[in-house]
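Taken together, the values in this text are just the output of simple stated rules run on the coordinates, not laboratory data. Keep in mind that what you see is a predicted model, and the values were worked out from it rather than measured. Counting neighbours? That spans all protein chains shown, and the Cβs are built from the backbone with ideal geometry, glycine included.
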Amino acid sequence: MNFTKRSVTVYLISGPLGVGKSTVSKTLASVMNQCVLIEGDLLLHVYRGETEPPWEERLRLAWLNIAAVTRNFLLNGLDVVIDFVVEDELQWFFDQLSDLEATLHYVVLHAEPPDTLTARLHQRGDAQYIHRSLFLRNKLMASPTNEPFLLDTDGKKPDELAEEIIKNARFRIQG
């Protein structure tokens, strides 16, 4: 049963660490009418105590929670912007929402040249993530699934990127 009161939209913003996902996602969410911003890292890092589940289990649970929270907001007529790295979860995620009448958008931000990521991570004090970021960048860019959804952030301001994500139909998956 679909309780959606108006047409709703999901923007899934992916990309490697340091590419600007959070900044672009916040900018995108701020220009929308009724919108919720889901920062996937907050759902990934909820664990407290001496031990936490292994990485694969944490990631699996984070995605289950992102899908459930997204679904709840869509059913209540709110648009959703999601800021999270998408490696192999894209089809699974959209399958979770396939029964809803939602317009789904996907974008993979990247930076050219790759040294841009290194500089950004150094600047924000996250040099320990450079190797992971460059690994993710290469993986995401090499994926045939991601090819139509790549968006170079270099030399563009967050508001320009948000506008392009909203207006460019190539980022629409369904809806």
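Numerical summary
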| read-out | value |
| --- | --- |
| Under DSSP loop assignment and at most 11 Cβ neighbours within 10 Å, longest chymotrypsin sites (Phe, Trp or Tyr not before Pro)-free interval of the chain | 48-175 |
| Sequence-separation-based contact order of region 18-175, relative, with Cα cut under 8 Å and 6+ spacing, percent | 32 percent |
| Contour minus Cα-Cα distance for Val69 and His122 (0.36 nm per residue) | 15.8 nm |
| Extension reserve of the Lys26-Lys157 stretch, reckoned as 0.36 nm per residue once the Cα distance is removed | 45.9 nm |
| Pairwise centroid distance, computed over Cα atoms, of region 120-175 with region 1-73, Å | 16 Å |
| Cα-centred dipole magnitude for region 85-129, charges only on beta-carbon of K, R (+1) and D, E (-1), debye, nearest 20 | 360 debye |
| Where trypsin sites (Lys or Arg not before Pro) fall in DSSP loop in region 98-143, at most 16 other Cβ within 10 Å | Arg124 |
| Qualifying GluC sites (Glu not before Pro) in region 77-151, DSSP loop, other Cβ atoms within 10 Å at most 15 | Glu87, Glu101 |
| Dipole of the chain, positive direction: furthest Cα of Ser98, Ser25, Leu64, with charges on the beta-carbon | Ser25 |
| Most positive-pole-ward Cα, Ile130, Leu44, Ile173, against dipole of the chain from beta carbon charges | Ile173 |
| Residue of Ser14, Ser25, Ser98 that the Gaussian network model of the chain assigns the largest fluctuation, springs spanning Cα pairs under 10 Å | Ser98 |
| About the Cα centre, charge dipole magnitude for region 1-134 (Lys/Arg +1, Asp/Glu -1 at Cβ), debye | 440 debye |
